[in-house]
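These notes concern the structure reproduced below.
The values are calculated or read from the model by the stated rules, or taken from the named source; none is laboratory data. Quantities reported herein were computed from a predicted structural model and do not represent experimental measurements. Note: ideal-geometry Cβ built from the backbone for every residue, glycine included; neighbour counts use all protein chains shown. With ligands, DNA and RNA removed, areas are computed over all heavy atoms of the protein, side chains included. Shrake-Rupley method; radii C 1.70, N 1.55, O 1.52, S 1.80 Å.
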Amino acid sequence: MGTLRPGRMNAPGITQPTEAISRARAGDAEAWGELYQEYAPAIFRFCRRALPTREDAEDATMEIFMKLKDKLIQYDSTRSFSAWLYKVSANHCWDMLRRRKIRQDKETNDLENVPLEHTDPSQLDQLIEQRTSEEVRKALEKLGGRARMALVMRYYSDMSYDEIADALGVRRAFVGVVLLRARHELRQALEGNAALAAGGT
């Protein structure tokens, strides 16, 4: 799979669906179907990384596209539609996690004890490059809700620190710490999975 970098999942569609968006805004059901067919598979993959179960991801994907009927009027056609859609999806997934109280208290405690040795991005990229999508997803599942969402928002929907801070309801300065911890935990999870596989368990 490709390396974990901002924006690498940013364009599931080849062209900007300007005509379909205009028709969908006017209530054209066929246009809604076109948008769903084009973008739903990528949004499902995004949700599957962000949420604990496949069922959650399936529900979230349907709910996101249902929300679009109200939110599409807010879309600025001068921006990338796929980038905007990922941000809507990221906010929806985080809302789901908050409602289900999956956030863990430990994620906001002891920030002064977070190790500041920076995970080498190239090392993490290499680890991810060597793993299948399924292995990376399973590693992401081992992270706490906030850490997982921060990684998914940053690296799969290319959201800025300000946007992540707004979505997670934290100070912007805290985003860097969350991402630092999340990268560290993801590397540990990936290395742990490899050790288990090597041990045959």
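Roughly how many Å² is the accessible area per residue of segment 123-169, as a whole number, for a 1.4 Å probe?
Heavy-atom accessible area per residue stands at 39 Å².
Between TYR36 and ARG99, take the C-beta separation as r, use R0 = 22 Å, and let me know the FRET efficiency to the nearest 0.05.
0.35
How long is the gain from GLU58 to THR18 if the chain were fully straight, where each residue apart is worth 0.36 nm and the alpha carbon distance is subtracted?
Full-extension gain reported as 11.8 nm.
Quick one: which of 153-160, 22-29, 53-60, 177-184 comes out on top by average Cβ neighbours within 10 Å, and what's the full order, highest first?
153-160, 177-184, 53-60, 22-29
So, R0 is 41 Å and r is the distance between the beta-carbons of GLN130 and ASP70; what FRET efficiency does that work out to, to 0.05?
The value I calculate is 0.45.
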